[in-house]
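Novice: Here it is, the structure, as structure tokens.
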Amino acid sequence: MKNIKQKILIILATLSLVIGFFAVPAGVFAAVTVDEAIDSGTSKILSTGKLADDWQSLGVARSNTPASKEVRQARYNDIVAYLNQSDRLSATDFERTIIGVVSIGGDPTHIPEATTHKNLVEELYQSNAMNSGVNAIIYGLLALQTKEYAVPENANFSIQEMVDKLLSLQKADGGWALGGAVGDVDMTGMAITALAKYKDMPGVSTALDRSVAWLSSVQLKSGGFKGWSNENSNSLSQALMAITLTGNDPKGALFTKDSDMITALMTYRTADGGFKWLPTDTQSNGMALEQALYALTQYKFYLNGSGSIYDFVNNPVPQLIETPVEPDPSTEEPSSSAEPGTEDSDSSDSNSSDSNVSSEDSSTTTSISDGSDENTEETISDSEGSSNVEKNTTDSSEAGIIGDTDSSTTAPSKEAEEEAVQNTSNNANSDNAKSLPSTGEANDYMFLSVLLGASMLLVGVFFLAKNKRKQNN
């Protein structure tokens, strides 16, 4: 009988220790929601006082707390300096910079401060993007999507030609890659991201279905993905972009193995608010952070039904320059031409109050960073070992553009822009029913989980100690 009691105590103690071991980490993890991860990641980037590159600009622009006008203006100045120092730019340089410029509220078709590269979209049209590799086609489609830029007849390519070219590069397994016969998760995620907008074009929907099925088939039990032989957060972030833009739930059955994609990505989060590259890393990684940030914001867009983070037409951001709204002559009251003897004392001043339209000072001081002029077109790993074929590495001396004066687009009034930005902010901060718990729920859950875990640990220790005393007696 005594032995049976001892065995029962040992079993209870073991169960208590196991439950406590898992409950405490679960409580800590539950404390971080998607919104909180976005907020802390944004804060980490902005703590430097600058936006270092185009992908940071994109992620922060789509976060819950976009960068201030001063920070965006500084980024603009850096881009101008970069353009003025670069005699030759590749197709991906134009494409990436267009995305960055639009993200900070600038106009890539109108860069008066640049010495030669004054219209990046026009230069992209005349580039050799069609024959510059899969990256150039992907970025080209994404860059033109930002403001739905039309491709002129004299361009070297059309949207249809770029789509057809990208479809022709799909591998037999359903993925895309820089080379070889086997798909790569990073490139597949990027290709799907670029093609999602064109799902109604011939062949696109079928190609997307094949690629989504392939991503599901190569997903790991952890919920993550391998890229370049390593399980890493960058590959997971690119897959997350693709899955949400095709309308698939990253927490749904198709993309949940032992764990789902969102849970898996959150395990890469570090104590300083950043994200690490490899599961075994102990420090955050800059490239991993910016990719996780814009992937999580795309997940929020998916939950809120807001479309793509690359769509700046339906999802506008604050502009660096307000374009004055000129009075419409057809709505102005005509000056009085009263007959002699007719009184019209107000006619001479009928439009005087509308004669002047104020605008922000558009002057800017170009500051040139003393960083290197390095510009690698297709980076596979950064200095910290981060695998990423999606990012074209540039130094902090790149720049962004000031105004949004595209003649094909009517600039919104200040009131309309403020309303649009407020709507975007409201979307970003609203927790959809499918999202992780709100902050309060998460903190309560953390407290209870930690309390339960600590209690079970104490119970386990108590039973073991009691059993040991009985054995000694």
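The values are calculated or read from the model by the stated rules, or taken from the named source; none is laboratory data. Because the structure is a prediction, the values reported are computed rather than measured. Protein only, heavy atoms only, side chains kept; ligands, DNA and RNA dropped before computing areas. Shrake-Rupley method; radii C 1.70, N 1.55, O 1.52, S 1.80 Å.
Novice: At 0.36 nm per residue, minus the direct Cα-Cα distance, what do Asp87 and Ala181 gain on full extension? Give it in nm, one decimal, please.
Specialist: Between Asp87 and Ala181, full extension yields 30.3 nm more.
Novice: Here's another thing I want to ask about it. What percentage of the solvent-accessible surface of region 223-314, computed with a 1.4 Å probe over protein heavy atoms, is contributed by carbon and sulfur atoms?
Specialist: Details: 1380 of 2850 Å².
Here it works out to 49 percent.
Novice: With the other protein chains left in place, how much accessible area per residue, in square angstrom, belongs to region 47-104 at a 1.4 angstrom probe?
Specialist: 28 Å²
Novice: In this model, which of Lys276/Lys300; Lys50/Lys118; Lys165/Lys276; Lys50/Lys226; Lys199/Lys300; Lys165/Lys221 are farther than 25 Å apart at the alpha-carbon?
Specialist: Long pairs (Cα-Cα over 25 Å): Lys165/Lys276; Lys50/Lys226; Lys165/Lys221.
Novice: Right, here's the next one. Limiting things to C-alpha atoms, what are the Rg and the maximum Cα-Cα separation (Dmax) for region 255-313, in angstroms?
Specialist: For region 255-313, the Cα radius of gyration and maximum Cα-Cα distance read 13.0, 40 Å.
Novice: Across all directions of projection, what mean area in square nanometres is found for the Cα convex hull of region 76-117?
Specialist: Working: hull surface 10.6 nm².
Here the figure is 2.6 nm², rounded to one decimal.
Novice: Please list Met287, Met201 in order of solvent-accessible area, largest first, computed with a 1.4 Å probe with all protein chains present. List each step's numbers first, then the result.
Specialist: Values: Met287 10, Met201 50 Å².
These residues rank, largest area first, as Met201, Met287.
Novice: For region 141-199, give the percent of accessible area contributed by carbon and sulfur heavy atoms, probe 1.4 Å, rounded to a whole number.
Specialist: 50 percent
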